[in-house]
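A short write-up of the structure that comes next.
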There are 2 protein chains.
Amino acid sequence: MVTNADQDYVKAIYRLQGQNRSVSTSSLAATLGVTSASVSGMLRKLDQARMVNLRRYRGVRLTERGRRTALEVIRRHRLIELFLVEILRMPWENVHGEAERLEHAVSDEVLARIDKLLGSPQRDPHGSPIPSPSGEIALLDRVRLDQTAPGVRGTICEVSDDDPEMLRHLSKLGLIPGARIDVREIQQIDETRLIGCGKKRCTVSPKVAAAVWISKDQ
Amino acid sequence: MVTNADQDYVKAIYRLQGQNRSVSTSSLAATLGVTSASVSGMLRKLDQARMVNLRRYRGVRLTERGRRTALEVIRRHRLIELFLVEILRMPWENVHGEAERLEHAVSDEVLARIDKLLGSPQRDPHGSPIPSPSGEIALLDRVRLDQTAPGVRGTICEVSDDDPEMLRHLSKLGLIPGARIDVREIQQIDETRLIGCGKKRCTVSPKVAAAVWISKDQ
DNA sequence: CAATAGAATTAGGAGTGCCTAACTTTTGCT
DNA sequence: AGCAAAAGTTAGGCACTCCTAATTCTATTG
């Protein structure tokens, strides 16, 4: 039986492992807000359930089964986020936490109806791609804004969805998915960036820039 | 902390206690699909949490606190049922089970938005009154169809929401909230009723009649 | 009013998922 | 290489909610 906690763990592992790098106990503990000891226990359980491959003291990787489960949960999460924004008109900065609970309670039938009502969308409100029902996900060719060099131009394709404060800040600056931006200048001292965004310009710290992904021009 | 199980228990007690009659362990066990031993344990816990008054071997009654909690959950449940029918176009016979899970996952903010979207409705899809946010509920002056005498006329105000099979059957017969009906005849042998319903007529067993409440004319 | 059927409770145990504290393994530095 | 810090694991517990089996209480009835 796949519990809510199982789903939360595979989802977190999926996010952390990126292009299939192995994920440490402590990074999971930090992400999930529990102790390393708890993570250790859960990973043993997930290993037995063949959701992950666990190598003691060396971290875990998702199995195919684990990956599929993670993508199902992510599909739920992102469709629910979009539903909350589009149908219930919730402010985008609050929908992440809400979806975090609802993703475990919504049946396949309800999810299918939400998907239909929204017209089988491809992106959630923060620009993240929504996996297909069969677990395919569009991989974006993107760069994190804090990794860009001066002169780079592009379009914001995605922002981190989990910190409401950050999201409020980003929308105040106009740094939202779809916005055209260019990197004007980077301060030596603290890596702060001067950004042109549409007709305005703004200054972003590395912390803020790390929450924004862009797809570079050409 | 009020857990999901706590909410399920107070909701079941509320339904079973009617006009404040005391509720037995075994009736709760049957309703909730668990053993009497489990109910006994939970009732002790709810008593300590001051949600119920427990008299050992004599059943429980909700406290004011328990009643308020029950009505909050029922409000959630019924608003969600209506939302599923009205917004997601789910067939009415399936929404009960769905709402049973969602009622524990939806935040106050989302519930408020659902309520607004639906125009602060007074009734759920099965005709049951929706409690106000502060826990007031309209008490209907109603009679169960299996308790009616021949000649009685009235309007269906409510039907049981929990059995999909029954609901499919009722809608096939046209026995839905708002329908005008009259009791033509009752068979001596098995209490089967001949019912006029709009321009049609139908035959209902006591079992089916027990799922239908009517408000009598004048 | 005593026997007994039925209802309720207690005792003991399981699975989940979290914790702290203690211990082991790995890693990084000199 | 050797040692200390950091990372990971195990041991032992707790809260929750369920279960079965055994026991106790209530209510009925002859």
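The values are calculated or read from the model by the stated rules, or taken from the named source; none is laboratory data. Values in this document were obtained by computation on a predicted structure and should not be read as measured data. Please note: Cβ atoms are built from the backbone with ideal geometry, for glycine as well, and neighbour counts cover all protein chains shown. Side chains included, ligands, DNA and RNA excluded: accessible areas come from the protein's heavy atoms. Shrake-Rupley method; radii C 1.70, N 1.55, O 1.52, S 1.80 Å.
Annotations for the structure displayed:
- Most to least accessible of B:ASP190, A:ASP141, B:ASP162, B:ASP8 (protein chains only, probe 1.4 Å): A:ASP141, B:ASP162, B:ASP190, B:ASP8
- Each copy carries A:GLU86; placing its label point 7 Å along the C-beta direction from Cα gives inter-copy distances of 2.1 nm, listed from smallest up.
- Accessible surface comparison of A:GLU165, B:GLU185, probe 1.4 Å, protein chains only, largest first: the order is A:GLU165, B:GLU185.
- Residues of region B:112-133 that bury at least 30 Å² of accessible area when the other protein chains are present, relative to the chain alone (probe 1.4 Å, heavy atoms, ligands and nucleic acids excluded): B:ARG113, B:LEU117.
- Scanning residues 5 or more positions from A:ILE87 or on other chains, none has an amide H under 5 Å from its amide H, with H placed 1.01 Å from N in the peptide plane.
- With its label point defined 7 Å out from Cα along the Cα-to-Cβ axis, B:SER120 lies at 4.0 nm from the matching points of the other copies, in increasing order.
- In this calculation the C-beta distance from B:ARG89 to B:SER27 is compared with R0 = 25 Å, giving a FRET efficiency of 0.10.
- Accessible area expressed per residue, the protein assembly as shown, with surrounding protein chains retained (probe 1.4 Å, Å²): 53
- Taking label positions 7 Å along the Cα-Cβ direction at both B:LYS116 and A:CYS202, the computed distance is 2.4 nm, reported to one decimal.
- Rounded to the nearest 10 Å², the accessible area of A:GLU93 at probe 1.4 Å: 30
- Translational diffusion of chain A was estimated from the Stokes-Einstein equation, with Rh taken as the Kirkwood radius over Cα pairs; at 20 °C and 1.002 mPa s the coefficient is 115 µm²/s.
- Across the protein assembly as shown, Cα-Cα pairs farther apart than 27 Å form 65% of the total.
- Net length gained if the chain between B:GLU191 and B:ARG50 were fully extended (0.36 nm per residue, minus Cα distance): 46.5 nm
- Taking all protein chains as shown and a probe of 1.4 angstrom, A:LEU139 keeps an accessible surface of around 130 Å².
- Solvent-accessible area of A:LYS216, all protein chains in place: 110 Å² (probe radius 1.4 Å, heavy atoms, ligands and nucleic acids excluded).
- With the convex hull drawn over the C-alpha atoms of region B:143-216, the volume per residue is 72 Å³.
- Excluding ligands, DNA and RNA and using a 1.4 Å probe, chains A and B jointly bury around 1500 Å² of accessible surface, summed across both partners.
- The fraction of accessible area contributed by carbon and sulfur in the protein assembly as shown is 48 percent, rounded to a whole number (1.4 Å probe; ligands and nucleic acids excluded).
- Summarising the label geometry, the points placed 7 Å from Cα in the beta-carbon direction at A:LEU140 and B:ASP217 lie 6.5 nm from one another.
- Distance from region B:155-193 to region B:50-96 (C-alpha centre basis), Å: 23
- Inter-label distance for A:SER40 and B:GLU109, nm, one decimal - labels placed 7 Å from Cα along Cα-to-Cβ: 3.7
- Average other protein chain Cβ within 10 Å of Cβ, residues B:98-106: 4
- Helix-only CD estimate at 222 nm, as mean residue ellipticity for chain B, using -39500 (n - 2.57) per DSSP H run (n ≥ 4): -12500 deg cm²/dmol
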